[in-house]
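So the structure is just underneath, and the comments pick up after that.
The values are calculated or read from the model by the stated rules, or taken from the named source; none is laboratory data. Note that this is a predicted model, so its numbers are computed, not measured. All Cβ positions, glycine included, derive from the backbone under ideal geometry; neighbour counts span all protein chains shown.
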Amino acid sequence: MGARWPKHRFVGLEARRVPGGFLTEPVLPQGEVVSLDADIDGWLRAELFDVFGRKHEGYHLMNAVPLTGDRTTHVLRWEGGDTCRFRHDAIRLRFEFVDGVLYNIGF
């Protein structure tokens, strides 16, 4: 007997037909963008908060560009831009998604 799975995809968070979501702990992004490894048949959106729980203007769920598909390099974007301006600032992200699995968040 044996089993195989793609690299970095041993465990993931799954949402089915009912939207699911979660809020990250405060993080300090080091890169230009926040990338995701996810297999999304439905959609995935995120919103950006400061460490005190206040939403950043223009980075709400309604401004998020929905992600779909199976990629190891999804990039979070909003109508107003990406997360580049928050590099080295403490942020929190709240994800909401349906019909998909989120495997990894790259800050």
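Here are the numbers for the structure shown:
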| quantity | calculated |
| --- | --- |
| The range 8-47, residues that are touching a His at 6+ places or on another chain (Cβ under 9 Å) and either loosely packed, with under 12 Cβ neighbours inside 10 Å or more than 20 Å from residue 100 (Cβ to Cβ) (or both) | 28, 29, 30 |
| Cβ pairs under 8 Å, 6+ apart, first in the range 76-93 and buried (at least 17 other Cβ atoms within 10 Å of the Cβ), second among the hydroxyl-bearing types (Ser, Thr, Tyr) | 76/35; 76/83; 78/59; 91/83; 92/24; 93/24 |
| Filter pass, residue 107 being over 24 Å from residue 16 (Cβ atoms) and in contact with a strand residue (DSSP E or B) (Cβ under 6 Å, 6 or more places away or on another chain) | yes |
| Every pair of residues 6+ apart whose Cβ atoms lie under 7 Å, when the first sits in the range 3-30 and is under 16 Å from residue 92 (Cβ atoms) while the second is exposed (fewer than 10 other Cβ atoms within 10 Å of the Cβ) | 28/88 |
| Residue in the range 32-43 that is touching a helix residue (DSSP H, G or I) at 6+ places or on another chain (Cβ under 7 Å) and at pLDDT below 95 present | yes |
| Long-range neighbours under 7 Å by Cβ, at least six apart or interchain, first residue over 22 Å from residue 19 (Cβ atoms) within the range 42-67, second of a type in the set (Lys, Arg) and assigned to a strand (DSSP E or B) | 51/92 |
